[in-house]
Structure formats: structure tokens, C-alpha cells
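Down below is the structure, laid out as C-alpha cells.
The values are calculated or read from the model by the stated rules, or taken from the named source; none is laboratory data. Being a predicted model, the structure only gives us computed values, none of them experimental. Cβ placement follows ideal geometry from the backbone for every residue including glycine, while neighbour counts extend to all protein chains displayed.
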Amino acid sequence: MLIDTHCHLYYEFEGKKPENLVHEARLAGVERLITIGVDAATIRSCQALSDRFSEIFHTVGIHPHEGSKIKPEDLEIVERSSAHPKCVGIGEIGLDYYYDFSPREIQRELFRKQLDLARKLAKPVIVHCRDAEADMLEELKSYAAQLESGRAPGVLHCFTGTREFGRACLELGFYISFSGVLTFKNSEALREAAREFPLDRLLVETDSPYLAPVPFRGKKCEPSMVRYTALKLAEVKGVSIQEIETQTTANAVRLFSLPAAL
């Protein structure tokens with residue numbers, strides 16, 4: 001069985017309802033889903049989905065795209081919502097210098113505030129990083145240095161970075177999560193990185209409804225499709241799909257303090 005560690009179940013999935021997505025995921029051997037909050041509205045949606053489905057857990061956070069629009073009460077909502085019994089992390093948070101929808105200093109300030117919150121709450125962070133490796137590494141080094149020894153700080157979600165950046169994050173204790181991008185034709189450098197990174201620190205995700213893996217390019221991604229990323233990871237690592245299932249599930253359970261089974 002697999003865990004889709006990062007999906008956005010509140011978005012439009014070509015008319016499919018959450019119960020359809022959960023059912024199809026189950027049929028594909030995906031037993032648990034973590035749906036990710038990116039602002040105050042989606043945090044509420046995540047909580048409602050977690051309450052409704054035993055298979056769904058969630059995280060709470062403010063995405064860097066929202067930095068310019070944030071209101072004082074938004075971070076209070078994140079903190080208050082983190083007390084939900086099925087909230088397993090703080091995120092999606094981070095830096096996005098590709099789109100730059102928010103000024104970079106505002107992004108960094110928002111990121112630091114949420115890192116501080118995660119440290120206080122002892123919850124892992126779900127990190128978004130795009131075209132921001134130098135600044136991100138500076139922030140993550142500072143954050144990891146403040147944590148108690150042995151505590152995993154979080155995960156670099158939808159990893160597409162350089163091997164050097166990945167190695168540095170692993171050294172800080174972070175996990176790395178691969179999405180359908182791992183299956184793309186032009187992702188050979190990413191596959192080389194995945195081949196090198198230790199399996200006991202890897203997760204799989206869809207980031208659905210985005211980034212559908214091969215052979216579903218051009219379609220809305222769904223949690224059931226995480227199996228294709230897992231199959232590609234097995235091929236890259238030269239191990240069985242069963243080993244990928246067992247290890248990535250154990251990694252997710254450990255990082256997010258999930259129940260061992262439903």
C-alpha cells in the first residue's frame with residue numbers, strides 16, 4: 001500500500017467528488033492521503049475532508065504565493081487549526097522565485113513565521129521551493145539548528161532541485177518527496193538524484209490535481225496515480241515496487257506521526 005503525501009483534494013477534478021477520488025485511490029493501493037492547506041479557505045476545506053474520510057489527513061499553512069494577500073488573522077488561523085487531531089504538519093510553506101507572486105522579502109518573512117510556529121508546535125514542515133535554493137538553504141539551516149536533536153524537520157515536497165541542494169537538505173534531516181515529474185521524459189537529472197538519495201528518506205506524492213505522471217500527461221492528476229511515480233522510483237532505484245511501498249509508507253508514518261494502519 002502507498003500513501004499520497006501531498007495532494008489538494010479541494011480543487012476541481014473534472015467533476016469527480018472526493019469520495020470518488022478516495023475510492024479510486026483505494027483500488028490503486030493508495031490507503032492514505034494527505035491534503036495540503038495553502039490559505040485560510042483551503043485549511044477549512046482540509047479539515048472538513050479529514051473529518052469526513054478516515055483515509056484523509058491534512059496540513060495547514062500559507063503558500064508563498066499568498067504572501068502579499070495575507071491578513072493578520074491568517075497566521076492565527078494556521079496556529080488554531082493545527083490543533084485538529086488529524087493535522088499532521090505545517091505547510092505548504094516556502095519560497096517561490098519562479099512566479100514571484102509576492103515580493104521575496106515578504107515570502108521569507110512569512111516562511112520564517114511559519115517555521116517558528118512549526119518549531120513551537122513540534123510538527124514537520126512541508127516545504128515548497130522553486131528557483132530559490134540559496135535562500136531556502138539559508139532558512140532551512142537556521143531552522144534545523146533550532147530543533148531538538150533527532151527530530152526530522154520536514155519534507156521538500158515535489159522535489160525538482162539539484163543534487164547538491166538535495167544532499168544539503170538530507171544532511172539537515174529533511175525528507176525528499178517525488179511527484180509525477182520523476183516520470184517525465186526530460187527529468188533524467190532528477191532520476192539521477194533519486195538514484196543517489198537514500199530510500200529511507202524518500203516519499204511519493206501526486207501534488208494533484210497538478211503534474212499527472214506519464215502516461216497521463218495533459219490530464220488532471222489524481223491520488224490514485226501516485227503508483228506510477230512509485231513504479232518509476234522502483235525502476236530508478238533497482239528495487240521492487242513492494243520495497244518502495246513498504247519503505248515510503250514507513251517513512252511517511254514516521255515523519256507525519258501517522259497511525260501504523262487505518
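Go through 189, 194 for me and flag whichever is of a type outside the set (S, T, N, Q), over 30 Å from residue 21 (Cβ atoms) and assigned to a helix (DSSP H, G or I).
When all the criteria are applied, what remains is 189.
If you go through region 6-58, how many residues are under 25 Å from residue 72 (Cα atoms), in contact (Cβ under 8 Å) with a residue 24 or more places away in the chain and among the hydrophobic types (A, V, I, L, M, F, W, C)? So the count comes out to 5.
Here's a check for you: in region 130-185, which residue that is outside any helix (DSSP H, G or I), of a type outside the set (S, T, N, Q) and in contact (Cβ under 8 Å) with a residue 40 or more places away in the chain is farthest from residue 233 (Cα to Cα)? Filtering first and then ranking leaves 152.
The set of residues from region 141-160 being surrounded by fewer than 16 Cβ atoms within 10 Å (Cβ to Cβ), modelled with pLDDT of 95 or more and among the small types (Gly, Ala, Ser) comprises 142, 145.
For region 39-60, the candidate set comprises residues that are part of a helix (DSSP H, G or I) and among the small types (Gly, Ala, Ser); within that set, the residue that is surrounded by the fewest Cβ atoms within 10 Å (Cβ to Cβ) is 41.
Is there a residue in region 187-201 that is more than 18 Å from the chain's Cα centre (by Cα) and within 28 Å of residue 13 (Cβ to Cβ)? Yes; the residues of region 187-201 include at least one that is more than 18 Å from the chain's Cα centre (by Cα) and within 28 Å of residue 13 (Cβ to Cβ). Out of curiosity, is residue 23 over 18 Å from the mean Cα position of the chain (by Cα), modelled with pLDDT of 95 or more and assigned to a loop (DSSP other than H, G, I, E, B)? Considered against the rule, which asks whether it is over 18 Å from the mean Cα position of the chain (by Cα), modelled with pLDDT of 95 or more and assigned to a loop (DSSP other than H, G, I, E, B), residue 23 comes out as no. Within region 67-77, if we keep just the residues that are in a helix (DSSP H, G or I) and touching a residue at least 40 places away in the same chain (Cβ under 8 Å), the residue that is nearest to residue 258 (Cα to Cα) turns out to be 75.
Mind listing whichever residues of region 91-105 are in contact (Cβ under 8 Å) with a residue 40 or more places away in the chain and under 17 Å from residue 34 (Cβ atoms)?
Of all residues in region 91-105, those in contact (Cβ under 8 Å) with a residue 40 or more places away in the chain come to 91-92, 94-95.
Answer for region 91-105, where residues must be in contact (Cβ under 8 Å) with a residue 40 or more places away in the chain and under 17 Å from residue 34 (Cβ atoms): 91, 92, 94.
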